[in-house]
């Protein structure tokens, strides 16, 4: 069999097949990383707006209740950023372990599954913190109008 034929149609146990499978398995987590980047952008923008508002109303005549709410929002958004960032790190670890598993032909599912579950829990926590911030922002708006 010629080299060109081997490259065009690799055998089932060939290392190229393992690599191809690893790439296929990594596509969904990589899309998830893109979504995580989007969520981080949204949370960062919200935090920037809160900081801008806090600077704007800071002064001797500041309504202390507004500043307290803004501080609470800053805390929620900071924790949301931390949680979603942890999600990104864990999903990246899932991709890395998946590649290692495919290349070394070692079953590392016992590592991948808990990493992915913890990543999803961290994402849920981050999104819940974002939801709490949204509710707090709505409460502030209702107070103002």
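The values are calculated or read from the model by the stated rules, or taken from the named source; none is laboratory data. Note that the coordinates shown come from a computational prediction; the quantities given were computed from them, not determined experimentally. Note: ideal-geometry Cβ built from the backbone for every residue, glycine included; neighbour counts use all protein chains shown.
A few notes on this one:
- Within region 72-106, being surrounded by fewer than 19 Cβ atoms within 10 Å (Cβ to Cβ), under 14 Å from residue 49 (Cα atoms) and in contact (Cβ under 8 Å) with a residue 12 or more places away in the chain holds for 72, 74, 78.
- Hey, residue 54 within 16 Å of residue 133 (Cβ to Cβ), in contact with a helix residue (DSSP H, G or I) (Cβ under 6 Å, 6 or more places away or on another chain) and at pLDDT below 95 or not: yes
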